[in-house]
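Structure, as structure tokens:
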Amino acid sequence: MTALQELFLKELEAVTSTAALRELRSRYTGKNGVLTGELKKLPALAPHERAAFGKQVNIDKVFIEKRLKEHEQVLTTKEIKAKLSKNPVDITLPGYYKKPGGRHPVTIVLAEITEIFVSMGFSIEEGPEVESDYYNFEALNIPINHPARDMQDTFYIENTAGSQSNESAFVLRTHTSPVQIRVMEKRVNESRANGTPLPPLRFIAPGKVYRCDSDVSHSPMFHQVEGLVVDKNISFANLKGLLEGFLQRVFGPEVPVRLRPSFFPFTEPSAEVDMGCYFCKGAGCRVCKGTGWIEIMGAGMVDPRVFRNVGYDTGKYSGFAFGMGIERIASLKYGIDDIRLYYDGDLRFLRQF
């Protein structure tokens, strides 16, 4: 037995706790420990002595690590027994029941919506939540001082509301529609760079959006899914057929769907999409305010000005867009009458899903 091993064993005998053992392990096997110090002596030795010296250091290392492991098992067992003697455990008692977690209702509905559109051939696109004024408003045919801006209660990142320089204005996006512009711009740039025709577009853009609004039916942050289809010979009939198919897959094959004329700056013509009341089946109730219909989303044909903003030839291409609130669909599916419940973190609410 080497002098190093004898010194180690003498110190090991004095160790009576796992904490002290960790300190001893660090002192001998750590980065700046005794064994590392021994190896640092190698360069000072004669070449013919290095092999034997290095071999002995490795033998010492194996010896020390083995004794440390054995002593650790002894100390751990002793500490567990001491702890159990002070606080005995009846192993015949049943364990504590931990209720399983679950997915948030918004997550459930978003996954369902995504699955439906992917099965229809849609891809999924994303965009930044902090947007420039240009992408959030101007490129979507909402220039400065346009009345439609009054419809958007906007969080401005910089104090530039009303500024004439859109380049300096940034907002928390008020809708997911800016993704339309970003994706169309990207496709146009790729087409010009490669000299290839513009490919058809068929995607949805789910994500968080923000507005200065908070009450029973509105939240400063909520979720939307935007959809866009662009190709040659796209018509309003294509839009209506797609949305009917989607809503009937979500709410049932018997749900009637209608479109009412409306206004959105980035679509023309525009429509509000209603479905037959999910609760009273059209008979009239408190939810549908006696009409038998519930407004579910907005949609319309892409305005030619929007196409021109991104470089699409309006003589060749047409398309439609639609957007819906995830919380609204979840509320209808699950009968939730207060949007604030989604964000309160109340486990009593979340456990229902």
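The values are calculated or read from the model by the stated rules, or taken from the named source; none is laboratory data. Keep in mind the model is a prediction, meaning the values are calculated, not measured. Reconstructed Cβ throughout: ideal geometry from the backbone, glycine too, with neighbour counts over all protein chains shown.
Overview of values
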| item | result |
| --- | --- |
| Residue in region 139-149 that is in contact (Cβ under 8 Å) with a residue 12 or more places away in the chain, within 18 Å of I326 (Cα to Cα) and assigned by TED's automatic domain parsing to the domain that holds F203 present | no |
| Members of region 230-263 that are under 15 Å from C277 (Cβ atoms) and either surrounded by 15 or more Cβ atoms within 10 Å (Cβ to Cβ) or of a type in the set (A, V, I, L, M, F, W, C) (or both) | L247, Q248, V250, F251, V255, P256, V257 |
| Of all residues making up region 268-284, the number that are in a loop (DSSP other than H, G, I, E, B) and not hydroxyl-bearing (S, T, Y) | 7 |
| Subset of region 103-146 [of a type in the set (D, E) and in a strand (DSSP E or B)] | E131 |
| Region 153-181 residues that are within 25 Å of M324 (Cα to Cα), paired with ones that are at pLDDT below 85 and of a type in the set (G, A, S) (beta carbon under 8 Å, 6 or more apart) | T154/A161; Y156/A169 |
| Lone unmet requirement of (1) aromatic (F, W, Y); (2) in contact (Cβ under 8 Å) with a residue 40 or more places away in the chain; (3) out of contact with any strand residue (DSSP E or B) (no Cβ under 9 Å at 6 or more places or on another chain) for F349 | (2) |
| Within region 194-224, tally of residues that are over 30 Å from M120 (Cα atoms) and of a type in the set (G, A, S) | 3 |
| Subset of region 314-324 (residues that are surrounded by fewer than 19 Cβ atoms within 10 Å (Cβ to Cβ) and either closer than 22 Å to R260 by Cβ or touching a helix residue (DSSP H, G or I) at 6+ places or on another chain (Cβ under 8 Å) (or both)) | T314 |
| Pairs, first in the same structural domain as K186 (by TED's automatic domain parsing) and under 14 Å from L110 (Cα atoms) in region 307-334, second among the β-branched types (V, I, T) and part of a loop (DSSP other than H, G, I, E, B), C-beta under 9 Å, six or more apart | G323/T176; E327/I336; A330/I336; L332/V287 |
